[in-house]
Amino acid sequence: MTRGGFVPESRMHPPQWMLDLFADGALAPREQVEVEAHVASCPHCAAEVDASRMVIGALSEMPRFEPAPGFPDAVMARVQIDTVPWAVRARRWLPQTRRGWALVIGALTAPLVPVVVLLAWLLSHPMVTVSGLWYWGTGHVRDTAWNVVAGVIAAAIERGNVGWVPELIAVAARIPPVVLLVAAGTVVALTFASGWSLNRLLRTPSGGVAHAH
Amino acid sequence: MRSGPSMSNVATIAATDSELVVRARSGSEAAYRELLARYQRPVFSLVYRMVRNREQAEDLAQETFVKVFQNITRYDPKYKFSSWIFKIANNVALDALRRRNPVTISLDGAAHAETAEQVEASRTDVASEDANPLEALEARQLGGAIEQAVGTLRPEYRTAILLRHVEGRPYEEIAEIMDVPLGTVKTYIHRARSELRGTLAHLR
């Protein structure tokens, strides 16, 4: 046997499966060469290879069949294709009227109003300056954020789930104070807006019907 | 005056399977139709030779395409589209064979026929005078010695041998389609060819 253990020495015949795969060119290149050398000098194996090649030839001549002419239409009739482009689908979610746009913009900007009013009120005091407010705000937000991070880490350590903590710390350390301040401001503003909306809703009688005059 | 193909049609025809899938996902009916045009014959031929009944093969080939198109968003582009569609077609055909009523009349004769003589004795001559010319031709082709011999193979051998020699797929892709190791595919194909040699020798 050769070192690969597949092709016997020249006087021994390769197994039939190997001759069959050789006929189909499906052996590894080295084995293909070795079997070819053997077949060239062995009429018995050459006859085996010819028999395999005859079967392969007959199989390769088998034609492909054509389905009925209406086949593509029959398939397409059964398939529900969403031919609406994504841009059109996205547009369905956008407001269709000026009033709708006004409502959306109002809803998005409303949370900022209390923040602006609060800032204006604070800055109306002679002791309060913009830089002082900024220093106080960023410091306060940073302290709060770190307290939250420390609390989360402590909780994770207590529960034994700390694998993601180093990643969280790395992410938190990269966040600029400005982003933290904006995020905190947004949260505060949204809280105010939610409270205000809830208050309005609770004061509005339910089940009322609006009539056109 | 008859106009030539539009630029978009030319682009669709020239596109690769992966590009067509991307377009199909964005809702291009032309892309779906081009995929159909490319694969309807290979898929139908495989399924037809598996179930050996034209009407059922049409239904199963349709089912294959419907499944493919309805799940096109799940197609993983790291595999060849042809592998994916052949895998679905093969599974659809195998399911049909499993469901098939054992008394169904086969073109090749009784399902229990084991030797070429038994196959020949129980074989149904489908080339009747009522059949249309195309079906009569196909029936004659299916009734040919090699088709008959292929029809006697176990379904997994049949799939492997058809994918290899009719569709010209490499062994690795056949392994992917059939979801079996490469060595198993080589065994299937070798055993199928050995059986075919024996059956063809008997039929001659």
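What follows draws every value from the coordinates through simple rules; no lab data is involved. Note that this is a predicted model, so its numbers are computed, not measured. FYI the Cβ positions are ideal-geometry reconstructions off the backbone, even for glycines, and counts take in every protein chain you see.
If a/c stays under 1.5 just call it rounded; otherwise compare a/b with b/c (prolate if a/b is bigger, oblate if not). Do that for segment A:7-145, with a ≥ b ≥ c from the square roots of the Cα gyration tensor eigenvalues.
Values: a/c = 10.82, a/b = 2.51, b/c = 4.31.
The shape class here is oblate.
Hey, rough spin-label estimate for A:Trp164 and B:Ser18, points 7 angstrom out along Cα→Cβ, what's it come to in nanometres?
3.3
Give me the inter-chain shielding for A:52-63: mean count of other chain Cβ atoms within 10 Å, whole number please. Before the final figure, lay out the partial values.
Details: counts 5, 0, 3, 12, 6, 2, 9, 12, 4, 4, 12, 7.
Counting other chains' Cβ atoms within 10 Å and averaging over A:52-63 gives 6.
Which whole number gives the average, over all residues in A:67-78, of C-beta atoms from other chains lying within 10 Å of the residue C-beta?
Numbers: counts 13, 6, 0, 1, 8, 8, 2, 6, 12, 7, 2, 6.
Per-residue shielding by partner chains comes out at 6.
Given R₀ = 45 Å, FRET efficiency for A:Val116-A:Met76 by Cβ-Cβ distance, to 0.05? Don't skip to the end; give the middle numbers.
On the way: r = 57 Å, r/R0 = 1.26.
That pair, A:Val116 with A:Met76, gives E of 0.20.
Determine which residues of segment A:172-198 fall in the zone a paramagnetic label at A:Val149 would reach in this model, i.e. backbone nitrogen under 14 Å from the point 7 Å along Cα→Cβ.
Taking a point 7 Å out along Cα→Cβ of A:Val149, the residues of segment A:172-198 whose backbone N falls under 14 Å are A:172-181.
As a footprinting exposure proxy, order A:Leu112, A:Leu19 by other Cβ within 10 Å, with the fewest listed first.
Values: A:Leu112 13, A:Leu19 25.
Starting with the residue having the fewest Cβ neighbours, the order is A:Leu112, A:Leu19.
Assuming 0.36 nm per residue, please report the length gained on full extension of the stretch A:Ile175 to A:Ser124 beyond their Cα-Cα distance. Show your work: numbers first, answer last.
Working: separation 51, 0.36 × 51 = 18.36 nm, distance 3.07 nm.
The span from A:Ile175 to A:Ser124 would gain 15.3 nm if fully extended.
Please work out the FRET efficiency for the pair A:Glu66 and A:Gln96, using the Cβ-Cβ distance as r and a Förster radius of 41 Å; give the result to the nearest 0.05. Display every interim value, and only then the final one.
Working: r = 49 Å, r/R0 = 1.20.
After rounding, the FRET efficiency stands at 0.25.
Provide the FRET efficiency to the nearest 0.05 for the B:Val180-A:Ser131 pair, computing r from the beta carbons and using R0 = 41 Å.
Values: r = 72 Å, r/R0 = 1.76.
Efficiency, rounded to the nearest 0.05: 0.05.
For the residue pair A:Val182 and B:Lys80, what label-to-label distance in nm results when each label sits 7 Å from Cα along the Cα-to-beta-carbon direction?
So the two model labels end up 5.0 nm from each other.
Just checking the output field for B:33-43: average partner chain Cβ neighbours within 10 Å of each residue's Cβ?
Details: counts 4, 0, 1, 7, 1, 0, 0, 6, 6, 2, 2.
Rounded to a whole number, the mean comes out at 3.
Please report Rg (one decimal) and Dmax (integer) in Å for the Cα set of segment A:16-60.
For segment A:16-60, the Cα radius of gyration and maximum Cα-Cα distance read 9.9, 28 Å.
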